[in-house]
1. Kindly indicate whether residue 168 is at pLDDT 95 or above, closer than 22 Å to residue 73 by Cα and assigned to a loop (DSSP other than H, G, I, E, B).
2. Say we look at segment 120-147 and pick out the residues that are surrounded by 14 or more Cβ atoms within 10 Å (Cβ to Cβ) and among the hydrophobic types (A, V, I, L, M, F, W, C); which of these is farthest from residue 36 (Cα to Cα)?
3. Looking at segment 159-172, I want the residues that are in contact (Cβ under 8 Å) with a residue 24 or more places away in the chain and charged (D, E, K, R) and have a partner that is buried (at least 16 other Cβ atoms within 10 Å of the Cβ) and not in a loop (DSSP other than H, G, I, E, B) with Cβ atoms under 7 Å, at least 6 apart or on another chain. Which pairs are those?
4. Of (1) surrounded by 10 or more Cβ atoms within 10 Å (Cβ to Cβ); (2) among the aliphatic types (A, V, I, L, M); (3) modelled with pLDDT under 90, residue 112 satisfies all except one. Which?
5. Just wondering, is there one or more residues in segment 43-52 that are among the polar types (S, T, N, Q), touching a helix residue (DSSP H, G or I) at 6+ places or on another chain (Cβ under 9 Å) and at pLDDT below 85?
6. Based on this model, can you work out whether residue 78 counts as outside any loop (DSSP other than H, G, I, E, B) and at pLDDT below 90?
7. Restricting attention to segment 129-179, report how many residues are within 17 Å of residue 25 (Cβ to Cβ) and of a type in the set (A, V, I, L, M).
Amino acid sequence: MSACRWAAGDLRSEARGIARLVVNALIHQYLIPGVQVGAKVQVGSGGVVTDVFSVVRPVAPGFGCLWCNELISPARLQEEALTAEQLRQQRYVQDETVHAPSVISLNAVASADAVDDYLHTVAGLLPTAYEPRWRRFHPLVPTAPQRVRCDVPRAAADCTECSETGRLGQGRNTALPTK
């Protein structure tokens, strides 16, 4: 890991909670900047689409921790530790044909923005007063200024992942959260 310069992961797998936990740990433990990108289609009652968005979340040592911002769910981590049969028994919808919608183009928007951030960083083109933000792109919003929303992620002083009392900068001195 010491030779790695930047981390990104496909965090939309069946084991998304575990994937987010491991990528977040790698970033803070080995001091490797990274990014989490994704997309979501939210559906309300009656199957009506209520929101569509893609998101870019820069994560750097001590910044943008996925744990602090509740993007790693302890309940989901527990669910992912279940066997396939246990998981099937806990499903709300007992229909194997119910699948997630295709969000390939939404992921492409987020990924392109993440690559731009990386290239600007490597080429030294970021302004000196640059402060990273998490960005959400909402293509269905009718007015342009509200299509992109920026947030400053939270940081807990006593976080076990991103704080100096946690795994921040521990490198090989701390085990990664893997089986």
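1. When the stated conditions are applied, residue 168 passes them.
2. My answer is 141.
3. Matching pairs, first to second residue: 161/24; 161/25; 161/28; 167/25; 167/28; 167/29.
4. Exception for residue 112: condition (3).
5. No, there is no match, as no residue in segment 43-52 is among the polar types (S, T, N, Q), touching a helix residue (DSSP H, G or I) at 6+ places or on another chain (Cβ under 9 Å) and at pLDDT below 85.
6. So residue 78 passes the test.
7. Here the count works out to 5.
Let's see how each residue does on (1) closer than 25 Å to residue 67 by Cα; (2) part of a helix (DSSP H, G or I); (3) in contact (Cβ under 8 Å) with a residue 60 or more places away in the chain:
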{"position": "110", "(1), (2), (3)": "yes, yes, yes"}
{"position": "115", "(1), (2), (3)": "yes, yes, no"}
{"position": "118", "(1), (2), (3)": "yes, yes, yes"}
{"position": "125", "(1), (2), (3)": "no, no, no"}
{"position": "130", "(1), (2), (3)": "yes, no, no"}
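The values are calculated or read from the model by the stated rules, or taken from the named source; none is laboratory data. On a predicted model such as this, the values are computed, not experimentally measured, just so you know. Don't worry about glycine lacking a Cβ; one is built from the backbone with ideal geometry, like all the others, and counts go over all protein chains shown.
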